[in-house]
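One structure is given below, encoded as structure tokens.
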Amino acid sequence: MNWMKLRSSIIVIGTLFIINSPNYTYGRQLLYENDSLFNEKPKSFAKSILKTTINNLHRYDPSYYDSYSAITFNRFLIKANLLTKTDTLQIDNKESTINQNNIKPIFSTETLTFQKRLKPSYNQSEILSTKSEGEDNGSFSEFATSLNNISLLQSKINIFNKSYLSPFSKTYLRYYNYSSVDSILSTGSKLSKIFFWPKYQKQFNGFTGTAIINPKNSAIQSIKATSTPNFPQKVLIAINQNFELIEECSLPSEKKINVFLTNKNTNNQDNIFICESTTNIYQQQINPPLSPNDFIKPFSKQMVDSVIIADNLNRQMKMIRLMAEGKVSIGYFNLDYNRIIGYNIFEGIKLGLGGETNRLLSKHFTFGGYLSYGFEDRSVRHGEWLDVFPKSDSDFRIHLGYKDMNLEFGNPEFLKATSLLDPENYRTILTKNMFSTKRYTTGFEFRLLKELNLYFFGDLSENKSRQNTQFLLNHPFDPISLTRTGLQLRYSPGIKLQMEEGRLNEVSTPKADYYITIIRGLAILGGEYRYTKTEFKGKFDCLYSNIGTTAIMVRGGFMTINAPVIELFNGYGSFAGTFSLSAPYSFATMHLNEFAASNYTSAHLRHDFSPWLFSGNFKTKPALIFVQNIGFGWLNDQTMKQLNLNDYRKGFYESGFEVNNLLRMGYLTWGVGIYYRYGKYRLSPVHENFAFKFGFAFKL
């Protein structure tokens, strides 16, 4: 279905569902009046109540509790209302009418689900009954699911690639005005009615409406809100949410969402689509007496069909995820096919064998190893390791290992698994200059929070240069012995995890990713260097843009001046030739090891115009992406002269344009890009400033 942008008349239609509410009329009035309408006292008091409530939002999340159960009913309906130019829409403060003869139901579905959850790994949804009417190519069901997951307590609400900022978020409190009035109930309780509306000077898509909050326990009782788009011709959303008090916690009990859209048909009629989603939650229990045995029970025939479909989908996604990480599960063993055949510029084609046991063999340990030979490097590499899991139902891990391998100069060491699903990892294929290391490592990994993963480690290594590339010949170094200890941290807000074979694995991409690695070189156990090295990386989507979506990655690092040459940051360039493989969030025109730095900072911006250009199912359309990369790196003058290295302290700049999703083959898509470097490090032959890239990505 090709959804068009809303006409301003649809905003009028939206009032049909809420025009009778005096709160709505008042809220709309607030939106356009001057900020001085209320004095500072009620404004500050309202904001204080909101801040206290937001700090306790975890009480509204059932996943916060040790166990939880509920029965949920969801009804989704989409219908069209045909309006010709002669049709009139009559609206007043008392009565609103639409020509019901023109309403045409398109699709509806009803689902009754029994859900129960037990920390840390048991989560079961039983479909008690389901009914659908109308034809669906999959898009209606997908939209129904997305509406069912929407809540005003989220920081952002995304509908049809449009983002709306919530007034119930610490991040966006400064974008809204708030005011309040008090009401006394017959029971003697005092409630606060909070009015919220976007600030006049802020340009964003948000909401206007009211919330009823009990200031005594910071419990939300109800929220009514209507979208107030930055531009009038946008999607109109009306959301009503009610909550019930259970064991001093206010949990969602009812939610109604209406979405209004329009497009013109071949007869020049406005097809006004009205999407309605109603969710009711019954028999909610916080911390019910559940045990693992409660999650093993027979299903009815109807339940079995749904469970089998869901189970098959989970198995398929698990297989894809393992294969993206280079693993193929064979019984008690996960074969690493990257060790069977691999490639990078320095080592050439690599042949070998590698893998590790999985948790089916033992819930308390896994062990593995690899053996490989690089035809360009002409060396045999091998490694062995053991991972111990003290608790069989936890992903807490103790690691012992030895690896004989090649590493890139200034190799980033973040707590991140290599996966084909992340094109940034393709840069490892372009690695041209490496040194040999034999490294013994020990460490332990655990999750302090669901979103926060930590790994403490220590290692001993012997490092040598092969001197078989021009860069290595120009920058030789004596064998280096290192003793290091460090901490790797990853914070991933919005990440979804699932316990599989005793380990928590990612089942969805988080909203953002932040990495910090701190390394301390020690002059003990044969270590020759005492230094400190810190590196940071953060990837996130910026605030909503009306002309597409923007993803930003920022990187930075610093180290003390007495660090060895192999630890210096390398600039993160990926230019291996005029035509080469694309590696997003790297410098496409910076030659490999062209620069080095002991302190650096960089920003990589990628703006995708596709959601703006293609208002329908843009996933099947070409993705038009503008790329901007900027970086600064500094070296001590004495270090530059001693090691014959260059830094990029004057700023390295490049811009590019990509057309991705040009060709789709199953899960694989292809694209191309062109990039240009400029500024102080622009090369004198103009053509050498260009880089042409081809790329691929996996779209699940």
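The values are calculated or read from the model by the stated rules, or taken from the named source; none is laboratory data. All of these numbers come straight from a predicted model, not from anything done at the bench. When we count neighbours, we look across all protein chains shown, and the Cβ atoms used for this are built from the backbone with ideal geometry, even at glycine.
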(request) Among the residues of segment 46-74, count how many are outside any helix (DSSP H, G or I), surrounded by fewer than 18 Cβ atoms within 10 Å (Cβ to Cβ) and touching a residue at least 60 places away in the same chain (Cβ under 8 Å). (result) 4
(message) Taking the conditions exactly as written (at pLDDT below 80 and within 25 Å of LYS224 (Cα to Cα)), does SER63 satisfy them or not?
(response) yes
(request) From ILE223, ILE246, grab the single residue that is in the same structural domain as SER146 (by TED's automatic domain parsing), at pLDDT 85 or above and either within 25 Å of SER69 (Cβ to Cβ) or not hydroxyl-bearing (Ser, Thr, Tyr) (or both). (result) ILE223
(request) Exactly one condition in (1) in contact with a helix residue (DSSP H, G or I) (Cβ under 7 Å, 6 or more places away or on another chain); (2) more than 14 Å from ALA583 (Cα to Cα) is not met by ALA697; state its number. (result) (2)
(message) I need every pair where a residue in segment 337-350 that is without any contact (Cβ under 8 Å) to a residue 60 or more places away in the chain and assigned by TED's automatic domain parsing to the domain that holds ASN425 has its Cβ under 7 Å from the Cβ of a residue that is among the acidic types (Asp, Glu) and not in a strand (DSSP E or B), sequence separation at least 6 or different chains.
(response) GLY348/GLU376; GLY348/ASP377
(request) Examine segment 175-196 for a residue that is closer than 29 Å to ILE272 by Cα, touching a Leu at 6+ places or on another chain (Cβ under 6 Å), surrounded by fewer than 18 Cβ atoms within 10 Å (Cβ to Cβ) and at pLDDT below 85, and state whether such a residue exists. (result) no
(request) Would you check if GLU445 is more than 27 Å from GLU528 (Cβ to Cβ) and crowded, with 17+ Cβ neighbours inside 10 Å? (result) yes
(request) Would you list the strands (runs of 3 or more DSSP E) that sit entirely within segment 565-659 and hold 2 or more residues that are surrounded by 18 or more Cβ atoms within 10 Å (Cβ to Cβ)? (result) 573-575, 587-591, 599-608, 623-634
(request) Tell me, yes or no, whether segment 456-465 has at least one residue that is surrounded by fewer than 18 Cβ atoms within 10 Å (Cβ to Cβ) and at pLDDT below 95. (result) yes
(message) Tell me whether segment 488-497 contains one or more residues that are surrounded by fewer than 16 Cβ atoms within 10 Å (Cβ to Cβ), among the polar types (S, T, N, Q) and at pLDDT 95 or above.
(response) no
(request) Give just the number: which of (1) modelled with pLDDT under 95; (2) surrounded by fewer than 17 Cβ atoms within 10 Å (Cβ to Cβ) does GLY502 not satisfy? (result) (2)
(message) Anything in segment 354-373 that is touching a strand residue (DSSP E or B) at 6+ places or on another chain (Cβ under 6 Å), among the hydrophobic types (A, V, I, L, M, F, W, C) and either modelled with pLDDT under 90 or within 23 Å of ILE429 (Cβ to Cβ) (or both)? List them, or say none.
(response) LEU371
(request) Test PHE579 against the criterion of being closer than 30 Å to LYS162 by Cβ and either within 31 Å of the chain's Cα centre (by Cα) or in contact (Cβ under 8 Å) with a residue 60 or more places away in the chain (or both), and give yes or no. (result) no
(request) Using the structure shown, decide if LEU452 is within 18 Å of SER121 (Cβ to Cβ) and either crowded, with 17+ Cβ neighbours inside 10 Å or assigned by TED's automatic domain parsing to the domain that holds ASN570 (or both). (result) no
(message) Within segment 100-138, take every residue that is within 30 Å of LYS450 (Cα to Cα) and of a type in the set (Phe, Trp, Tyr) and give me the one that is modelled with the highest pLDDT.
(response) PHE114
(request) Please verify whether segment 459-468 includes one or more residues that are in contact with a Gly (Cβ under 8 Å, 6 or more places away or on another chain), of a type in the set (A, V, I, L, M) and either outside any loop (DSSP other than H, G, I, E, B) or at positive phi (or both). (result) yes
(request) Looking only at segment 532-543, decide whether some residue is over 25 Å from ASN689 (Cα atoms), at pLDDT 95 or above and over 30 Å from the mean Cα position of the chain (by Cα). (result) yes
(request) Report yes if GLY494 is free of Cβ contacts under 8 Å to residues at least 60 places away in the same chain, within 28 Å of the chain's Cα centre (by Cα) and not in a strand (DSSP E or B), otherwise no. (result) yes
(request) Tell me which residues, restricted to segment 429-469, are over 13 Å from ASP377 (Cβ atoms), more than 27 Å from the chain's Cα centre (by Cα) and aliphatic (A, V, I, L, M). (result) LEU460
(message) Tell me the residue from SER151, SER179 that is touching a Pro at 6+ places or on another chain (Cβ under 9 Å), in a loop (DSSP other than H, G, I, E, B) and small (Gly, Ala, Ser), please.
(response) SER151
(request) Go through (1) under 26 Å from THR111 (Cβ atoms); (2) without any contact (Cβ under 8 Å) to a residue 24 or more places away in the chain one by one and return the number of the condition ILE157 breaks. (result) (2)
